[in-house]
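These notes are about the structure you will find just below.
The values are calculated or read from the model by the stated rules, or taken from the named source; none is laboratory data. Here the structure is a predicted model, which means the values were calculated and not measured. Cβ placement follows ideal geometry from the backbone for every residue including glycine, while neighbour counts extend to all protein chains displayed.
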Amino acid sequence: MKKLKAIIVDDEEKALNLLEKLLIETEQIEIIEKISNPLKVECLTSKHKPDILFLDIQMPTIDGINILKNIREYNQNLSVVFITAYNKFGIEALRLKAFDYLIKPVDRKELKAVIDKIKNEKENKRNSNKIKLPVKDGIIYVKVSAVLYLMAEGNYTHIHLTSGEKHLSSYNMGRLVDKFSLNGFERINRNLMANSNYIYKVNKENQTCVLNANGTEKELPISGTFIKNLKNL
């Protein structure tokens with residue numbers, strides 16, 4: 001498996017450089033951004049779409065907990081590892097689905113163990129090619145890559161495939177969010193999740209995005225939150 005792409009965040013330059021050194025030593029991580037200004041984290045995360053975000057908690061202007069709260073509004077898939085000098089934020093980190101929580105000074109073995117767990121999880125997800133969904137006539141098994149977008153309708157979810165085929169699942173959107181978020185889907189508004197691999201164009205003024213699959217385009221409405229995090233793209 002190729003190296004995991006990572007962004008590292010810490011307002012202290014010394015801590016940032018030390019973490020960079022430890023990650024390079026693992027030979028499993030490609031660092032695509034080092035960020036000391038926490039206000040830049042969301043934009044650069046949206047722009048680069050890393051596999052892992054190593055995030056300090058106590059920082060000026062905005063802390064790591066609130067940064068992750070904002071990110072979780074539109075991205076449930078990102079693996080976030082908190083790096084902090086304090087252990088009092090553990091419960092909040094779990095609520096926000098942080099992958100792990102490491103205390104400074106970071107132990108090399110603990111860091112490597114976390115990276116190995118993330119790599120194994122991502123590999124397992126790649127190997128899970130199909131998702132089982134209950135529909136009106138029974139059950140369907142669909143490849144995640146064949147799903148273009150999901151649309152919520154009350155307690156049901158419309159499954160739109162890249163082939164143009166459609167299915168109505170008795171699962172509501174809430175039951176599908178985590179399953180599809182782990183496979184590259186993004187919540188583009190309250191009722192829609194789109195396969196990010198097919199997002200072709202975003203119109204910020206009209207608040208729409210265009211999905212393109214097999215030469216066919218589909219325009220969908222997007223939320224202000226989704227637009228906000230695309231402003232640097």
Which residue out of Ala93, Ala98, Ala6, Ala113 is crowded, with 17+ Cβ neighbours inside 10 Å, of a type outside the set (S, T, N, Q) and either assigned to a helix (DSSP H, G or I) or out of contact with any helix residue (DSSP H, G or I) (no Cβ under 9 Å at 6 or more places or on another chain) (or both)?
Ala93
Filtering region 136-163 down to residues that are of a type in the set (Gly, Ala, Ser) and not in a strand (DSSP E or B), which residue is modelled with the lowest pLDDT?
Ser145
If you scan region 27-55, which residues turn out to be assigned to a strand (DSSP E or B) and over 18 Å from the mean Cα position of the chain (by Cα)?
Lys34, Ile35
Kindly indicate whether Ile24 is buried (at least 18 other Cβ atoms within 10 Å of the Cβ) and of a type in the set (A, V, I, L, M).
no
Looking at Asn37, is it of a type in the set (S, T, N, Q) and at pLDDT 90 or above?
yes
Within region 147-160, how many residues are hydroxyl-bearing (Ser, Thr, Tyr) and without any contact (Cβ under 8 Å) to a residue 40 or more places away in the chain?
2
Cβ-Cβ below 9 Å, separation at least six or inter-chain, first residue in region 134-146 and under 24 Å from Tyr198 (Cα atoms), second among the aromatic types (Phe, Trp, Tyr) and part of a helix (DSSP H, G or I): which pairs?
Val144/Phe180
Tell me which of these Tyr74 doesn't satisfy, since it passes every other one: (1) over 25 Å from Leu22 (Cα atoms); (2) outside any loop (DSSP other than H, G, I, E, B); (3) at pLDDT below 90.
(2)
Cβ pairs under 8 Å, 6+ apart, first in region 161-186 and over 20 Å from Lys136 (Cβ atoms), second in a helix (DSSP H, G or I) and modelled with pLDDT of 90 or more
Thr162/Ala146; Thr162/Tyr198
Does region 190-200 contain any residue that is part of a loop (DSSP other than H, G, I, E, B), out of contact with any Asp or Glu (no Cβ under 9 Å at 6 or more places or on another chain) and not charged (D, E, K, R)?
no
